[in-house]
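Comments concern the structure below.
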Amino acid sequence: MDKLRKLRSETMTNDLESIFYVNARFLTQKLTGVQRYAIEICRQIKKLAPKVVFLAPTNILHKEIALELQVQIIGRNTGTIWEQWDLYRFMSNKKIILLNLCNTAPLLYRYNMICIHDLAYVFYPKSFS
């Protein structure tokens, strides 16, 4: 039984390594709950699948975390332009999932997986003015 678990675990990890890239633009933003969430999720992804690629622009604020995740810096722009142009161009020929953990993603890229935070206003509109 232990051999089966080990084999399954290794297979899952190997599969994860080539399945997706991660938009790490959150490393260029001040730390709020959304960025903290993204950092902790990425730390776990890195443990499970060390070869997953984390992508960010040049203006990283959280350099120690970028080093920990072995972030690959791409493009020349920053902010939204980086995400919509540089990141899109880098990913456009890959046809691999791009995991976006902080509400936004390259609009033209077809293989986005996006985590949307704070949807309470949709489900409980009477609680918000």
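Bear in mind these aren't lab numbers, they're just calculated from the coordinates by the rules spelled out. Note that the structure is a prediction, hence the values are computed from the model and not measured. Every residue, glycine among them, receives a Cβ derived from its backbone with ideal geometry; neighbour counts consider all protein chains shown.
Taking L101, L119, L61 as the candidate residues, the one with maximal mean-square fluctuation in a Gaussian network model of the chain, Cα springs under 10 Å, is L119. The angle separating the long axis of helix 2-17 from the principal Cα axis of greatest extent in the chain is about 40 degrees. For the chain, lysine pairs separated by 8 or more sequence positions, or belonging to different chains, with Cα-Cα distances below 20 Å total 9. A Förster radius of 25 Å, combined with the Cβ-Cβ distance separating K30 from K51, puts the computed FRET efficiency at roughly 0.30. Computed per residue of the chain from DSSP H runs no shorter than four, each worth -39500 (n - 2.57), the mean residue ellipticity at 222 nm is -11000 deg cm²/dmol. The angle separating the long axis of helix 33-48 from the principal Cα axis of greatest extent in the chain is about 20 degrees. Going 7 Å from the Cα of Q44 in the Cα-to-Cβ direction, what parts of the range 95-129 have a backbone nitrogen less than 18 Å from that spot? Zone members listed by number: 99-103, 113-118.
From largest to smallest, the equivalent ellipsoid semi-axes obtained for the range 23-127 from the alpha-carbon gyration tensor read 22, 17, 14 Å.
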